[in-house]
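Accompanying notes for the structure given below.
We did not get these values from a lab; they are worked out from the coordinates using the rules stated. These numbers come from a predicted model, not from an experiment. Backbone-built Cβ (ideal geometry, glycine too); neighbour counts: all protein chains shown.
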Amino acid sequence: MDLYETDEEKVEALKKWWKENGLSVVAGVVIGLGAVFGWRQWVGYQDSRGQAASAAFEQLLASADAGKTDAARKQAKAIQAQYRSTAYATLASLVSARVEVGAGNTQGAKAALQEAMKGAPDPALADIAALRLARVLIASGDLAAAQDLVDQHGKASSFAGDFTAVQGDIAVAQGRTTDARRAYEAAIAAGAADPELLQLKLENLPPAS
């Protein structure tokens with residue numbers, strides 16, 4: 001049996017329901033449409049913002065590659081200020097560190113890489129920054145700090161092989177030839193980047209005593 005036995009009862013029930021619920025239905029539709037259009041506007045804004053960040057980052061890369069240190073510094077700071085919540089800010093810090101290394105500014109490179117580690121929105125980016133910072137620290141003679149970074153980031157990182165290679169560099173700096181050889185061999189086996197360079201480092205090690 002139908003819930004309502006006559007068409008008249010159905011109409012009256014519908015009128016009553018609409019009187020009680022119509023306003024909330026209309027409000028829900030309006031809010032729903034507003035959410036849809038708002039979402040589209042937000043996505044459009046994010047797309048536009050992402051394109052602007054990408055363009056700014058390409059300009060930074062061009063300046064860095066051309067050796068325009070002052071321009072690169074200004075562009076990196078602008079990206080970090082305007083797009084702090086995006087990966088472009090971290091990438092700008094990484095490029096900034098490269099610029100400072102090229103300028104012989106070790107402290108500036110350290111600061112840029114520390115900033116990249118702190119603000120990285122993805123663990124992989126933080127690991128890349130840590131890896132580069134460890135290398136800068138080795139070059140500046142701060143082997144203990146470099147070792148701390150390897151200990152903190154090297155084991156669970158997708159760049160474990162590269163951190164192992166850094167471990168080899170630390171061992172070389174400390175005169176531990178046997179440990180360096182083991183580290184370089186392990187790094188190559190683990191798929192570290194630039195295995196040819198690691199092989200060259202191996203060949204240049206003093207022979208085992």
Q) Separation between the GLU185 and ALA87 pseudo-spin-labels, each 7 Å from Cα along Cα→Cβ, expressed in nm? A) 3.7
Q. Counting other C-beta atoms within 10 Å, which of SER157, SER96, SER85, SER140 has the fewest, and how do the rest follow?
A. SER85, SER140, SER157, SER96
Q) How do VAL101, VAL166 rank when sorted from fewest to most other Cβ atoms within 10 Å of their own Cβ? A) VAL101, VAL166
Q | Size descriptor, Kirkwood hydrodynamic radius, that averages inverse alpha-carbon separations across the range 127-209, Å | A | 12.4
